[in-house]
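Here's the structure we're looking at; comments come further down.
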Amino acid sequence: MSDAHDEVSRAVSAARTRFDSGTTRPLAARKKNLRALRRLLVENENALADAVQEDLGKSRTETGLMEISVVVGEISYALRHLRRWRRLKPVTLPATLWPAHAHLRPEPLGVVLILAPWNYPIQLLLAPLVGVLAAGNAAVLKPSSQAPATAAMLIKLIPQYFRDGAVTIVDGAAARAGGLVSRRFDHIVFTGSAEFGHEVLRAAAEHLTPVTLELGGKSPAWFDDDRHIDVAAKRLAWAKFSNAGQTCVAPDYVMTTPDRVDALVAALRRAIADLWGSDPRTNPDYGRIVSAKHVDRLASYLDDVDVRVGGQFDRDERYVAPTVVVVGQGGSVVGPDAAVAVMRQEIFGPVLPVVPVVSPHAAADAINGCEKPLAMYIFSGSRRTRKLFERATSSGSLVYGAALVQLASSRLPFGGVGGSGMGAYHGEYSFKTFSHVKPVLTKPVRPDTLRLAQPPYLEPWTGLVQHLMRRG
């Protein structure tokens, strides 16, 4: 226990010392740290991909596309725009304060803790780090112990590329035993389940630490685009079954009208065969479930549903086939009171329920009846239907005609709302999340116009001041 406490204390202390020294703040230092992170990823891409494959059965290509390239792209975008993000922004003041001038100064928060999950063990640890470093902060990283090979590789590499302590890293066992989350930080980023999100938020409250939470949930899809059914099915299948369904913004279930169910299921069957072949088990591009425990959980979802595609699983190989099920009508469609288990909580695996509902309005009502989702995907040829979901529902993001792709842009924020999380990052949104925008106002001593608002109050001057204030 004392060793764990010592390890955590050393990591936090090193980051705090580095930040307090002021050396992470200059533009040159920020760029240096971002380039160091890029070198870490590029120079060790194969070793990192091998580690992810050992943990999740994910192919090198998929890791390159959906993890390493995403982070490298974030770094490149930040390096191009960082000078502009850091600029002081002049502010026009109201006449009641004249003569005076003001500006907004972005300043770093301090030491940021990043707590990463196992499903994207590189991207979800290092993508937030890009914004942390761009904003001039220091960081403490905690990779997931459920992706042990990747965690070990990062624990080895971080000290090599950040020798000055601007970024430190703690393994999962030490983090738990050493009470990492209970330490004082200036911001915490957590990606994971709502259950652990509550724990992080409670710990952060002790120090009034702001928190960015990315929690996931049941992200719905709607389909009624008969004209483009094969394209829609392939995009749904790719987004759902990549990383064996272990993606927080994967479509959790798809709703459609009863008369479209059979055609959609058939299109999904064709899409799965096109993407991963007739036996995905033998396809090196199809991943594995993180643990046998999660295989058991996913297999239990198949007991009370109509399995139309897939359904095979192998506990020893941690394999669950791309599976499409149809959920019967009756009772609550989705949420804790749903009629079947697969619709009660986030699936987080390669099981896609097709849910018949009578209309888009009924689908929107079902979505609004439970927690706000992290993402929503609409496949519809009807502009009216698209606008219905945009205006009548709330979600972290909304995508028409595709799924998952919103994460590929540094120009779009990534974040949840309500039960799916709070706060956002990516691109400039990362810089803003990990900065405090400090107003700086200068008021000359002469002429002393503040005298007009100070007692003893003299008319007509105080009346004039009030008039100007109320004009805004």
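Taken together, the values in this text are just the output of simple stated rules run on the coordinates, not laboratory data. A quick note: this is a predicted structure, and the numbers were derived from the prediction, not measured. Note that we place each Cβ from the backbone using ideal geometry, even for glycine, and neighbour counts take in every protein chain shown.
In the chain, taking the dipole from charged Cβ atoms about the Cα centre, the farthest positive-side position among VAL111, ALA424, SER435 is held by SER435. By the rule of a C-alpha distance below 13 Å, with chain neighbours fewer than 8 residues away ignored, the aspartates and glutamates paired with LYS218 are ASP252, GLU346, GLU371. Relative to the longest principal axis of the Cα atoms of the chain, helix 2-20 runs at roughly 50 degrees.
Sparsely packed loop sites in the stretch 293-325 (the trypsin sites (Lys or Arg not before Pro) outside DSSP H, G, I, E and B with at most 15 other Cβ atoms within 10 Å) comprise ARG315. Apply the a/c threshold of 1.5 to the C-alpha gyration tensor of the stretch 30-100 and tell me whether it is rounded, prolate or oblate. Because a/c hits 1.5 or more and a/b exceeds b/c, the stretch 30-100 counts as prolate. Counting neighbouring Cβ atoms within 10 Å and putting the fewest first, the residues MET376, MET66 line up as MET66, MET376. Is the chain rounded, prolate or oblate when judged by the Cα gyration tensor, a ≥ b ≥ c being the square roots of its eigenvalues, rounded requiring a/c under 1.5 and prolate requiring a/b larger than b/c? Judged from the Cα gyration tensor, the chain comes out oblate (a/c at least 1.5, b/c at or above a/b).
Taking a ≥ b ≥ c as the square roots of the eigenvalues of the alpha carbon gyration tensor, the stretch 220-409 is prolate, as a/c is not under 1.5 and a/b beats b/c. From the alpha carbon centroid of the stretch 267-343 to that of the stretch 68-116 is 44 Å.
Residue exposure proxy: ARG384, ARG39, ordered by other Cβ atoms within 10 angstrom of their Cβ from fewest to most, comes out as ARG384, ARG39.
Compared with the dominant principal axis of the Cα atoms in the chain, helix 148-161 is inclined by about 30°. Counted over the chain, the DSSP beta bridges are approximately 40% antiparallel.
Ordering TRP118, TRP98 by the number of other Cβ atoms within 10 Å of each residue's own Cβ, fewest first, gives TRP98, TRP118.
If R0 is taken as 25 Å, the Cβ-Cβ distance between ARG83 and ARG391 corresponds to a FRET efficiency of 0.05.
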